[in-house]
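Trainee: Sharing a structure, written as structure tokens. Questions coming.
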Amino acid sequence: MRFRLGRTSGSLAVALVVGVSGATPALADRYLAPGSEQATTVAKAPTITGLDDDLDQLLNDPRLNGGHAGVVVRNATTGAIVYSRNGDKRFNPGSNEKLLTSAAAVDVLGLDYRFTTKVAFDGTRNGNTVIGNLYLKGTGDPTMQAAGYDELAAKVAEAGITVVKGSVIADDTWFDNVRLGTEWAWDDQPFAYAAQISALTVAANDVFDTGAIRVDSGPGAAVGDPAAVTLVPATNYVKIENRAVTGPAGSARTIAVDRPNGTNTLVVTGSAPLGGAVGSNLRTVSGPASYAAALFRAALVSHGVKVKKLRTSVGETPGSATQVAVKESMPLSQLLPKFLKLSNNGHAEILTKAMGRKVKNQGTWSAGLQVSSSFLSSVGVDAPNLRMVDGAGLSRQDLVTPEQITALLRAVQSKPWFSTWYDALPIAGNPDPLIGGTLRSRMVNTAAAGNVHAKTGSLTSVSALSGYVTNADGQKLTFSILTKDFLGASPKSLEDAIAVTLANSGASHAVTKRDLAKLRKPRQLRNDPTTRVDESSLECSWIKESSVKQPC
């Protein structure tokens, strides 16, 4: 397998936070005009017995030699500092950026926020015939799958329309046409974690990986035959160039799928063993709005609606168009677990542009990030001294300090939406992907299991873990752990050891040296001579070449 994921700068941090109360200003005041920052006073908390020594020992880890780490621990009720090391240093946060984006989105858009996808026609209608075009207009719904476009097509047919004299036009003007974030790597573009962002898109699966399509591949009938390759959903918009073959029974599966930049041709190479299982890969689609329109047009045909003009184009729905069908997404409250627990980059970027559209009437990264920054300032985060250039943390330009992350964690505890947001974070040691998420295989059978609610973060030579934990004395702590510039083995087990140490901290001081030694053991590198990246450290959705998602 091969990786091309980001890097960070700064130190390793663990921090603890308290709620912030205050009046709720009008939306425009809160998100268009910074300046409502709340003053914060941080005091030194009484020492938790043995905690300083334990954390100092943990941070003396050879994996961090030549790298950087910083830790801040606070009491979540008082905000007082329990432990601090280099908490004011800047790091690339990786997917910890989603903590900032998701909190801003929930506050700005609201838990009840829903995306809509509409169908309308211009011109005139004569009985069952539309003398004009059919418009498919999106507002960014990341949950729209092929079945959703089929549902819209069925509604068109149910409305009595059977003939469209014009064409199908895809309207993704709710957002701008900038598809990729700042400094996203060119060779990431075929992979689902770097999908193009559009107001009209298609989710490839039930966890809503947007702007992507599934490629299923398995063996043919005999050794040497072409591998069996299919697209899900089936579409002519994406082409397959199948160079893969069927290998001997018991041989290694070496299937790889590439999409050369600027094309919608998927090149499948390698070998699938005879009698072996079918594997799947997600790959991005260039031009997600046109892809959505192609699926919608095919669904219209299946429901008996004929579109006369063959060419499907992209354009804007006229203000005078007549609406004929609409589909709403699930509310944001239900989308949050799939977004945060599975660390979905596309959701972060869509929500960023949606915030810009709602507050500034501009569905752009620039507008959305300004809204995020204003929210962060409103809750006491030092937003002018952090840098966000996207919503997910895929860019190498993103820079945040552990203190800023813990300031956010402190403030949001007083928000009315906090419990929903808190429950949407990954929960350590719970094997259910939609509960444990990217922490489902971590901290199992420890005091942190079922206790730590935290967001992971992973880029090449970058790792992060920030969230909440309750210690053995019942004190709620918040923490933010950020590391960068390490080589070789990932420090994720070090993050786990810190979290477990916090969970065990208090008067009983229950953590043992044997527990720490087990947790601190680095994961072994897989045998890949082309890279020294520990792929077990990466977000499961960010592994480039794999037929099966890996545990995170």
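The values are calculated or read from the model by the stated rules, or taken from the named source; none is laboratory data. Quick caveat, the model's predicted, so the values are computed rather than measured. Glycine gets a Cβ as well: all are built from the backbone with ideal geometry, and neighbour counts include every protein chain shown. Just so you know, the surface numbers come from the protein's heavy atoms only, side chains and all, with ligands and any DNA or RNA stripped out. Shrake-Rupley method; radii C 1.70, N 1.55, O 1.52, S 1.80 Å.
Trainee: Residue by residue through region 166-173, which ³J(HN,Hα) values in whole Hz follow from phi under the Karplus form 6.51 cos²θ - 1.76 cosθ + 1.60 (θ = phi - 60°), with glycine and proline marked x?
Mentor: These are the phi-based 3J(HN,Hα) values: x, 10, 8, 10, 8, 10, 10, 6 Hz.
Trainee: Using the Karplus equation 6.51 cos²θ - 1.76 cosθ + 1.60 (θ = phi - 60°), what ³J(HN,Hα) coupling, rounded to whole Hz, does each residue of region 149-156 give in order, writing x for Gly and Pro?
Mentor: In residue order, the calculated couplings are 5, 5, 4, 5, 4, 5, 5, 4 Hz.
Trainee: Could you give the accessible area per residue of region 253-354, probe 1.4 Å, as a whole number in Å²?
Mentor: Accessible surface, normalised per residue, equals 38 Å².
Trainee: In percent, how large is the relative contact order of region 426-513, given Cα pairs closer than 8 Å and 6 or more residues apart?
Mentor: Value for region 426-513: 23 percent.
Trainee: Something else now. Quick one: in region 357-512, what % of C-alpha pairs are over 25 Å apart?
Mentor: Result for the distance tail: 36 percent.
Trainee: Moving on to the next point. Could you do me a favour and compute the accessible area per residue for region 98-217, 1.4 Å probe, result in Å²?
Mentor: With all protein chains present, region 98-217 gives 30 Å² per residue.
Trainee: Something else now. Excluding ligands, DNA and RNA, what is the solvent-accessible area per residue of region 370-491 at a probe of 1.4 Å, expressed in Å²?
Mentor: Computed with neighbouring chains in place, this is 27 Å² per residue.
Trainee: Can you pull the one-decimal nm distance between simple spin-label points at Glu158 and Asn445, each 7 Å off the Cα toward Cβ?
Mentor: Each label point is offset 7 Å from its Cα along the Cβ direction, giving 5.2 nm.
Trainee: Also, I was wondering about something else. Taking a ≥ b ≥ c as the square roots of the Cα gyration tensor eigenvalues, with a/c under 1.5 meaning rounded and otherwise prolate when a/b beats b/c, else oblate, which class fits region 226-323?
Mentor: In terms of gyration-tensor shape, prolate.
Trainee: Of all accessible surface on region 66-155 at a 1.4 Å probe, what whole percent is carbon and sulfur?
Mentor: Its accessible area is 43 percent carbon and sulfur atoms.
Trainee: Determine the shape class of region 58-195: with a ≥ b ≥ c the square roots of the Cα gyration tensor eigenvalues, call it rounded for a/c under 1.5, and otherwise prolate if a/b is greater than b/c, oblate otherwise.
Mentor: Verdict is prolate for region 58-195.
Trainee: Applying the Karplus parametrisation 6.51 cos²θ - 1.76 cosθ + 1.60 with θ = phi - 60° to the phi angles of region 224-236, what ³J(HN,Hα) value in whole Hz is obtained for each residue in order, glycine and proline being reported as x?
Mentor: x, 5, x, 5, 8, 10, 9, 9, 10, x, 5, 7, 8
Trainee: If I take R0 = 22 Å and measure r between the Cβ atoms of Asp206 and His303 in this structure, what FRET efficiency does the formula 1/(1 + (r/R0)^6) give, to the nearest 0.05?
Mentor: 0.45
Trainee: Now for a different question. Ranking request for peptides 127-139, 238-250: highest mean number of other beta-carbon atoms within 10 Å first, then the rest in descending order.
Mentor: So the peptides 127-139, 238-250, ranked by packing, come out 127-139, 238-250.
Trainee: Can you list residues whose amide H is under 5 Å from Gly70's amide H, if they're 5+ apart or on another chain and H is modeled 1.01 Å from N?
Mentor: Ser11, Leu12, Ala13, Leu482
Trainee: Tell me whether region 318-378 comes out rounded, prolate or oblate; compute the Cα gyration tensor, take square roots of the eigenvalues as a ≥ b ≥ c, and use a/c under 1.5 as the rounded threshold.
Mentor: oblate
Trainee: From zero up to wherever the largest Cα-Cα distance of region 268-424 sits, split into 5 Å bins and tell me the percent of pairs in each.
Mentor: Computed distribution, short to long bins: 1, 6, 9, 14, 18, 12, 10, 11, 8, 6, 4, 1.
Trainee: Moving on to the next point. Residues of region 209-243 with amide nitrogen under 19 Å from the 7 Å Cα-to-Cβ point of Leu434?
Mentor: 209-210
Trainee: Moving on to the next point. Which entries of Lys239/Lys306; Lys327/Lys360; Lys327/Lys484; Lys165/Lys327; Lys98/Lys327; Lys89/Lys353 show an alpha-carbon separation above 32 angstrom in the structure shown?
Mentor: Lys327/Lys484
Trainee: Expressed as a whole percentage, what fraction of the accessible surface of region 315-454 belongs to carbon and sulfur atoms when a 1.4 Å probe is rolled over the protein heavy atoms?
Mentor: Exposed carbon and sulfur together represent 46 percent of the surface.
Trainee: Moving to a separate point now. How high is the relative contact order of region 174-225? Use alpha-carbon pairs under 8 Å, at least six apart in sequence, and give a whole percent.
Mentor: Normalised by residue count, the contact order of region 174-225 is 26 percent.
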